[in-house]
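Input: a single structure, listed below in structure tokens.
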Ligand SMILES: [Zn+2]
Ligand SMILES: [Zn+2]
């Protein structure tokens, strides 16, 4: 899977890909998901609060205009001609549509790459429990995953962000952040027994 940045889109041949999945912000505060599938030339707009509706045809015409605008020769035959409903659960709490959209995105990506069901005439489906309690649990798991897979920044100087061992290090006696003595403008001879609060904690 590739992440496409807007400024590089013109150089990419979209027809080399199975499809595209993108985030769409509605009214500045609500996230929807846009799914394009080249083989069936279909497009869907997924709203966490509603089933996907045929009025997504607006998305079809907007995307057609976008393809014309690109003028990419390799993609000259590429078209989006129909709207494809995708059955999905409805978000049953009002906390975070961004998170809900992320779950839908993972499921769609998995289906697109493992079993391209969008090839068939059977409506494509995404399923996961979406009750308040289930979403709360998934959010917690999601947060734990991010924390567990994040780099440990504890070995880096909190001032310069580098981990080099050159020179003496000094630890804050209030927050336990570590710094290169040099980055703090402290002489190497500074006694570590002296109480030292870092610039954040002064
Ligand atoms: Zn440093
Ligand atoms: Zn501190």
Any chance you could get the radius of gyration and Dmax over the Cα atoms of segment 6-148, in Å? 16.0, 49
Taking just the alpha-carbon atoms of segment 153-202, what radius of gyration and Dmax come out, in angstrom? 10.0, 26
Taking Cα pairs under 8 Å and at least six residues apart, what relative contact order does the chain come out at, in percent? 14 percent
Does segment 3-55 classify as rounded, prolate or oblate by the C-alpha gyration tensor (a ≥ b ≥ c root eigenvalues; a/c under 1.5 gives rounded; else a/b over b/c gives prolate, otherwise oblate)? oblate
Point-to-point label distance, residue 15-residue 64, nm (Cα→Cβ direction, 7 Å offset): 1.8 nm
Virtual spin-label span in nm between residue 150 and residue 165, 7 Å along Cα→Cβ: 2.7 nm
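Since every read-out is calculated from the coordinates, none of them should be taken as a lab result. What you see is a predicted model; the values in this text were computed from it and never measured. Here Cβ is always computed from backbone atoms with ideal geometry, including for glycine, and neighbour counts include all displayed protein chains.
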